[in-house]
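The values are calculated or read from the model by the stated rules, or taken from the named source; none is laboratory data. Predicted model only: the values in this text are computed from it and were never measured. Positions of Cβ are backbone-derived with ideal geometry, glycine not excepted, and every protein chain shown enters the neighbour counts. Calculation scope for accessible area: heavy atoms of the full protein, side chains included, ligands and nucleic acids excluded. Shrake-Rupley method; radii C 1.70, N 1.55, O 1.52, S 1.80 Å.
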Amino acid sequence: MRPARRPRGRPIHRMLVSFSAAYFTGALVTDLVYWQMPDVMWERFSIWLITAGLIMAGLAAVAYVIDLAARRRIDRPGWPRAIGYAITVLLALTNAFVHSRDGYTAVVPAGLTLSALVVIVLVLTALVARALTNRHRFGA
């Protein structure tokens with residue numbers, strides 16, 4: 001039996017960002033369900049998913065700083081991801097405050113719109129960062 005390979009030198013913040021993106025996407029899904037079926041359970045799921053996404057975003061920020069300090073390989077250029085992720089976290093934080101209000105109007109339409117914006121910004125950030133990384137890597 002061979003020992004399992006360890007991901008040496010790979011930045012951990014990328015994994016944590018993926019978790020927060022999944023939580024924010026799940027919040028959008030539960031907001032859509034709540035919009036169609038106004039049961040308070042779905043609204044509670046949304047706020048818990050948003051909160052978990054924000055916690056993971058905080059952990060990702062700490063991991064990013066540690067990765068920078070340890071001089072691990074981080075994709076260049078990093079600014080599109082940093083700016084996009086900062087916008088995402090600010091929108092998600094605003095969304096958490098919107099979801100904390102009572103009633104159907106806490107989620108529909110403001111919370112649902114904010115959840116959709118968070119996912120749209122995440123997708124656009126990933127696309128722009130990938131395009132710039134490929135351009136930087138291949139010297140175009």
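Subtracting the Cα-Cα distance of V33 and L93 from 0.36 nm times their residue separation leaves 19.5 nm of extension gain. Using the Karplus relation 6.51 cos²θ - 1.76 cosθ + 1.60 with θ = phi - 60°, the per-residue 3J(HN,Hα) values for segment 103-108 come to x, 4, 5, 5, 9, 10 Hz, with x marking Gly and Pro. Estimated from helical segments only, the mean residue ellipticity of the chain at 222 nm is -26500 deg cm²/dmol, where each DSSP H run of four or more residues counts as -39500 (n - 2.57).
Helix 79-99 against the longest principal axis of the chain: what's the angle in degrees, Cα atoms only, rounded to the nearest 10? Between the helix axis and the principal axis of the chain, the angle is about 20 degrees.
Considering only L93, Y34, I83, the residue lying farthest towards the positive end of the dipole of the chain is I83, judged by Cα position with unit charges set on Cβ.
Dipole magnitude for segment 26-120: computed about the Cα centre from +1 point charges on Lys and Arg Cβ and -1 point charges on Asp and Glu Cβ, it is near 540 debye.
Would you mind classifying the chain by shape? Square roots of the alpha carbon gyration tensor eigenvalues, ordered a ≥ b ≥ c; an a/c under 1.5 is rounded, otherwise it is prolate if a/b is larger than b/c and oblate if not. Cα axes put the chain in the prolate bin.
Solvent-accessible surface of the chain, taken per residue with a 1.4 Å probe and all protein chains present: 66 Å². Relative to the longest principal axis of the Cα atoms of the chain, the long axis of helix 40-69 makes an angle of roughly 20 degrees. Across segment 22-38, rounded Karplus estimates of 3J(HN,Hα) from the backbone phi angles (6.51 cos²θ - 1.76 cosθ + 1.60, θ = phi - 60°) give 5, 5, 5, 5, x, 5, 4, 4, 5, 5, 5, 5, 4, 4, 7, 9, x Hz, Gly and Pro being marked x. Comparing A70, L59, M15 along the charge dipole axis of the chain, the residue lying farthest to the positive side is A70, per the Cβ-charge model.
Run the accessible area of segment 16-86 with a 1.4 Å probe and give the carbon-and-sulfur part as a rounded percent. On segment 16-86, the fraction of accessible area on carbon and sulfur atoms equals 74 percent.
Considering only V123, V65, V17, the Gaussian network model of the chain with Cα springs below 10 Å gives its largest mean-square fluctuation to V65.
Note on A82 and R44: their simple-model spin labels are 4.1 nm apart, each label 7 Å out from Cα toward Cβ.
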